[in-house]
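> Have a look at this one.
The values are calculated or read from the model by the stated rules, or taken from the named source; none is laboratory data. Bear in mind that the values here come from a model prediction, so they are computed numbers and not experimental data. Note that each Cβ is placed from the backbone with ideal geometry, even for glycine, and that neighbours are counted across all protein chains shown. Surface accessibility is based on the protein's heavy atoms, side chains included, excluding ligands, DNA and RNA. Shrake-Rupley method; radii C 1.70, N 1.55, O 1.52, S 1.80 Å.
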Amino acid sequence: MAGANGSSRWTDALLDRMRNTGDELADKPVAAVFKANGVDAVNAIMRTLVRNDQPVPEELPPEIRAYLAEAQPLPEWADMGKIKRGQQLYETWGVLVTLCLFCASLPASYAAADGVKVLYLTARLDTDTRRRVMETGQFLIDVLTVGGLDEHGKGRRTIQRVRLMHAAVRHLIKARSDRGDPPVCGKEPPLWHPDWGTPINQEDLAGTRLAFSYIVADSLPRLGVRLPAKDVDAYLHLWNVIGHLMGVDDELLVHGIGDAKALVDAIRHRQFRASPEGKDMTKALLDLMDEMTPFHRFQETIPPVIRHLIGDDIADMLDVPKSEFPDLGRLTRVNKWFFVHVFGQTKRDSPRYELVSRIARPFGYDLVHGLFRLERGGVRAPFDMPDHLARSWELSA
């Protein structure tokens, strides 16, 4: 049976199966803790991992400490040359990659109506949104900086912890649902419905990997960045490796940009629709970006950039405010030719490129500065960025 996007590879049958599959390796130690000591012990694991960044915190149960102490090797198919090249792409374009994260990757993730319910359950907006965004930024730096996936690279440890937190969330949601806790937004009958699949399932994990890889690679050219095909291939390979270490089934590996686009299209067809959780998460993200970039007028930056990168249809699903773009007549004839022929856009769409290209870099720098200023809290080091990146991204003197 062909998939919804016409591909014979990404079938509904495959993605339905992946939607009901978790992560056995990380689920096993959490299940052992749950069986021995109940839901409070799993809650304690979550609190410890969120508030403490020691390699293996002593207060964790022995099953969890054993998991964190065990080395997880790179897959046999990992290509260290491609990994480094993909990480160099991030280091070179990190400011605009961060812009793509905030204005494309995260909103696209919120458009997946079933998957976003987990994010909503585990992030109660406002202060928790700040922490989640902060931790996402730290995760990207850990895994995407050159050397981050080496044998003793910080990214390997970070991935282990995030993978374990995903397993804890799966068990906590199931326990709360079995207990009959109230619904997410007061509109769905149960806290968690079987029709939504397993919380943080393989389809959603693959979608998140693509949000941080394919959507970034697709968005950078919309900001005027011309990426060589070898760089895009290396960046997708890097995220295949990260996905494998995060517990994504190798059956969901993507083989090149066309294959990645086909999987993105299949997931969008299956999952993208308006939802109250997606709209609430997007509103919290917009508010946080507005707070992080006080020298930019909201209406002239955040909504137009998001709509430019993810398209009006998805932006409308998320209630991203409408934006007014410069009138085409205000552009010079040279500018019209440039945006039509260089960016491949019609004259009707070219003003959007003119506006976004003008604000993207300064806005991206302010987003990175705002992210750098956020407090992590708990027994955790301040935001950790290699010195050479801080200098390159103008975060240090």
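> Taking the full set of protein chains and a 1.4 angstrom probe, give the accessible area of residue 374 in square angstrom, rounded to the nearest 10.
20
> May I ask you to work out the translational diffusion coefficient for segment 53-143 at 37 °C, viscosity 0.692 mPa s, via Stokes-Einstein with Rh from the Kirkwood sum over Cα pairs, reported in whole µm²/s?
202
> Next question. Let's test this: bin the Cα-Cα distances of segment 255-312 at 10 Å from zero up to the farthest pair and state each bin's percent.
Reading upward from the zero bin: 19, 37, 29, 15, 0.
> Can you tell me how much longer the chain between residue 226 and residue 76 gets when fully stretched, taken as 0.36 nm per residue apart minus their C-alpha distance, in nm with one decimal? Mind showing how you got there, number by number?
Details: separation 150, 0.36 × 150 = 54.00 nm, distance 3.10 nm.
That pair, residue 226 and residue 76, stretches by 50.9 nm at full extension.
> Quickly work out the residue 394-to-residue 69 label distance, labels modelled 7 Å from Cα along the C-beta direction, and quote it in nm with one decimal.
Going by the 7 Å Cα→Cβ label model, 4.8 nm.
> At residue 384 and residue 175, where each label point lies 7 Å from the Cα along Cα→Cβ, what is the point-to-point distance in nanometres?
Modelled inter-label distance: 2.8 nm.
> Mind checking segment 203-304 for chymotrypsin sites (Phe, Trp or Tyr not before Pro) that DSSP puts in a loop (not H, G, I, E or B) and that have at most 15 other Cβ atoms within 10 Å?
295
> In addition: Read phi for every residue in segment 134-151 and hand back ³J(HN,Hα) as whole Hz from Karplus 6.51 cos²θ - 1.76 cosθ + 1.60, θ = phi - 60°, with x for Gly and Pro.
4, 5, 5, x, 5, 4, 4, 5, 4, 8, 9, 6, 3, x, x, 9, 5, 3
> Another question, then. If ligands, DNA and RNA are left out, what is the accessible area of residue 178 with a 1.4 Å probe, given in Å² to the nearest 10?
About 110 Å², rounded to the nearest 10.
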